[in-house]
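Structure first, commentary second.
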Amino acid sequence: MIKRAIALGLATMALAGCDAMPGGETAPTLDIPEVEDGDISQATMVDITRELSSDEFEGRMPGTKGEELTVALLTERFEAAGLQPGNGDSWVQEVPLVEITGKNFAPLTITNGDTDLVYDFGDEWVGVTYREDERTQLANSELVFVGYGINAPERGWNDYEGVDVEGKTVVILVNDPDWETEGLDGTFNGKAMTYYGRWTYKYEEAARQGAAGALIVHDTDPASYGWNVVESSWSGPQAYPARGENPPPLTIMNGWVQKDVAREILSAAGQDLDELSAAAKTEDFEAVELGMTASTSFENDIRTFSSQNVIGILPGTEAPEEYVIHTAHWDHLGRCKPAPDGDDICNGAVDNATGTAALVALAEAHAKAGAARRSLVFLAVTAEESGLLGAYYYASNPVFPLDQTVGGINMDAFQVAGPAKDVTVVGPGKSELDAFMEAALEADGRTATPNPKPEAGYYYRSDHFAFAKQGVPMLYIDGGEDLVDGGRAAGAAVAADYTENRYHGPKDEFDENWDWSGVMSDLQLYYRIGRTLAMSTSWPNWNEGDEFKATRDEACASAEAGC
C-alpha cells in the first residue's frame with residue numbers, strides 16, 4: 001500500500017489543526033493512505049431508498065410495523081453484503097423507549113386579570129410532556145420571559161440570574177444571542193449556533209431551573225425551518241428514552257408558540273417582542289416577569305417498548321479491535337399532519353431512507369474490496385427524529401469501546417438534484433479528520449464549502465453529535481451547494497424547495513426521476529474517507545480548543561488499548 005503524508009498545503013494543515021504543537025514542536029504526520037475507488041452500486045441506493053420510503057413502511061416510526069420491516073430489510077441486506085452481526089451474534093441493539101401520544105388538547109389560555117387570550121393547538125401552539133403521566137395539566141403558571149434561556153457560566157452568561165422560575169412557565173427565544181452576527185466571532189460563536197441555541201438544551205435548562213413549563217418562540221430564520229416543521233414534528237407520537245429510577249428534572253410541559261402569538265402575549269403584558277429580543281442579546285439582560293399566567297391540559301397514551309439499532313461489521317485484518325464507524329438513522333415520523341390531498345404518511349425518502357441505503361451500499365463496496373486493516377462498523381440508529389435517541393443510547397452503551405473507535409462519518413439526507421462541484425462540510429475545522437476529508441476531496445477533484453447556514457446548528461442536529469459529545473471525532477458532510485448545472489443559485493433553490501415543501505412532511509417521497517449522479521459522487525467520497533481511516537495507523541483527534549477534545553483526551557489517557 002502506497003502511503004503519503006498530509007502535505008496538502010498550509011490551508012489543509014491549518015484546517016486540520018495539526019501543523020504545530022505547543023512549544024514549537026512539529027506535530028506527528030498523519031498516515032493517510034491512498035485508496036482505490038469503491039465499486040458502489042447505484043441500484044442498491046435506488047432499490048433500498050424506494051422500498052424504505054414506500055407506504056408499506058408507514059413512515060418508519062419506531063415501535064411500529066414500519067420498524068419491523070426496516071430492521072428485517074437491513075439485517076437481510078447487511079448479511080448479503082458480506083457483513084457479520086455487530087452485537088455478538090445479533091444484528092441489533094435493543095433501545096428501551098417510552099412513547100407518549102398527546103390527545104384532547106385544551107387551548108393554551110393566557111390570562112391577564114379578567115382578559116383571556118386563547119390559542120388553538122396545532123395552528124398557534126404545540127406542546128408535549130416528557131413525564132409518563134396519563135394527564136398533563138399546566139394550571140395558572142406565571143409567565144416569565146427569559147431571553148434565550150441560557151445559563152453558561154464559562155461564557156459569563158446567565159439569563160436566569162436574579163429570577164425564580166420554580167413552578168412558572170418560561171418564554172424563550174430560539175437560537176442563541178449572536179445568531180444575526182455576520183462572522184463567526186462572538187460570545188456564542190457569532191453566526192454559528194452553539195448547543196445553547198438548540199431546543200433540546202433550552203428545555204433541559206428550564207427543567208434544571210425548576211420551571212413547570214417552557215415555550216419557545218418560533219421564528220423561521222433563527223430556527224431554520226417553518227412552523228409546518230414544528231407542527232408535524234411535535235404532534236402525534238413522541239418517543240423518549242426510558243429514564244429509570246432517577247430521572248433528570250422534567251418540566252410539566254414543553255412547547256412552541258407562533259411568533260405572532262408571542263408578540264400578542266407580550267403586548268398584553270405591556271411589553272414589545274422586538275425590544276425584549278434586542279435586550280436579550282446583551283450580557284446585562286434581566287428576565288422579565290410578565291404578570292400573566294398560562295394554562296392548558298391534555299391526555300396522554302403511554303406505551304413502553306424497545307426499538308432497535310441495527311449493527312453490522314466487516315472485521316479488520318491487522319487491527320480488528322480498532323473501529324471506523326458509519327452512521328445513519330433509519331427512522332422517520334410515521335403518520336403526521338395530512339397534506340391537502342389527505343396523504344398522512346411522512347415517508348422520509350430523502351430524510352433518511354437515502355442515508356440508510358448508503359450504509360448498505362458502502363458496506364457492499366467495502367466487502368467487495370476486502371477487509372481493511374481496521375474494522376468497519378455500519379450502524380443504523382433509531383429515533384433520531386425524537387432527539388438522536390438511538391445514537392445517544394449507543395454512545396452511552398457502546399458495543400465497541402469508544403476509546404477504540406477511531407472516528408466516523410454520519411450520513412443524513414442526500415441531495416438528489418444532480419452532481420455538485422463541492423460538498424458542504426458541517427462543522428469544519430473541528431478535528432484532524434478534516435485532513436482525511438481534504439485528501440479524499442483532492443483525489444476526487446472536488447472542493448469543500450463551509451456550511452452556508454451555521455446559524456442553523458446542523459452539527460447538533462444529527463446522530464454524529466451523540467458520538468462527538470463522548471469524544472469520538474466525527475465528520476458530517478452534506479451534498480454540495482455549487483451544482484454542476486446551475487451553480488450556487490440552483491443549489492440554494494433546491495435546498496429551499498426541499499425545506500419548504502418536503503422536509504418533515506408527507507411529500508418527502510421517492511421519485512423515479514431523481515438524478516442519482518451527485519449522490520454517487522458523494523458516496524465515493526465517503527467510501528474513500530472511511531477506507532483511508534480503516535487502512536491508516538493514525539488516531540485523529542479534535543483540534544486544540546474544540547469543546548470535545550478534553551473528553552477524548554481523558555478517555556485516551558485512561559485507555560489500555562486504542563487511542
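The values are calculated or read from the model by the stated rules, or taken from the named source; none is laboratory data. It should be emphasised that the depicted structure is a prediction, and the values quoted were computed from it without experimental measurement. Glycine also receives a Cβ, built like all others from the backbone with ideal geometry; neighbour counts cover every protein chain displayed. Note: accessible area is taken over every heavy atom of the protein model, side chains too, but ligands, DNA and RNA are not part of it. Shrake-Rupley method; radii C 1.70, N 1.55, O 1.52, S 1.80 Å.
For the range 394-472, averaging the sequence separation of C-alpha pairs within contact (under 8 Å, six or more residues apart) and dividing by the residue count gives a relative contact order of 44 percent. For the chain, the longest principal axis of the alpha carbon atoms and the long axis of helix 433-444 meet at an angle near 60°.
Classify the range 151-191: rounded, prolate or oblate, from the alpha-carbon gyration tensor (a ≥ b ≥ c, eigenvalue square roots; a/c under 1.5 rounded; otherwise prolate if a/b is larger than b/c)? It is oblate, given that a/c is not under 1.5 and a/b is not larger than b/c. For the range 148-193, GluC sites (Glu not before Pro) meeting the loop criterion (DSSP other than H, G, I, E, B) and having at most 15 other Cβ atoms within 10 Å: GLU161, GLU166, GLU180, GLU182. The aspartates and glutamates whose alpha-carbon is closer than 12 Å to the alpha-carbon of LYS281, local same-chain residues fewer than 8 away aside, are ASP159, ASP176, ASP178, GLU180. Taking Cα atoms only, the orientation of helix 42-52 departs from the longest principal axis of the chain by about 30 degrees. Relative to the longest principal axis of the Cα atoms of the chain, the long axis of helix 355-369 lies at roughly 10 degrees. Classify the range 164-295 from the C-alpha gyration tensor, please: rounded if a/c falls under 1.5, else prolate or oblate depending on whether a/b exceeds b/c. Rounded shape, in that the Cα axes give a/c under 1.5. Excluding same-chain neighbours fewer than eight residues apart, the aspartates and glutamates reachable from LYS549 by a Cα-Cα span under 18 Å are ASP19, GLU154, ASP403, GLU432, ASP434.
Using the Karplus relation 6.51 cos²θ - 1.76 cosθ + 1.60 with θ = phi - 60°, the per-residue 3J(HN,Hα) values for the range 83-90 come to 7, 10, x, x, 10, x, 8, 10 Hz, with x marking Gly and Pro.
Prolate is the label for the chain. Its Cα gyration tensor axes, ordered a ≥ b ≥ c, give a/c of at least 1.5 and a/b above b/c. In whole angstrom, how far apart do the alpha carbon centroids of the range 155-211 and the range 38-97 sit? The two parts, judged by their Cα centres, are 38 Å apart. Residue pairs exceeding 18 angstrom between C-alpha atoms, taken from LYS168/LYS202; LYS259/LYS453; LYS191/LYS430; LYS202/LYS337: LYS259/LYS453; LYS202/LYS337.
Length gained on full extension, ARG263 to THR200: 20.4 nm, using 0.36 nm per residue less the C-alpha separation. Of the GluC sites (Glu not before Pro) found in the range 465-535, those in coil by DSSP whose Cβ has at most 10 other Cβ atoms within 10 Å are GLU512. Ranking CYS346, CYS556 from most to least accessible surface, computed with a 1.4 Å probe over the protein chains only, gives CYS556, CYS346.
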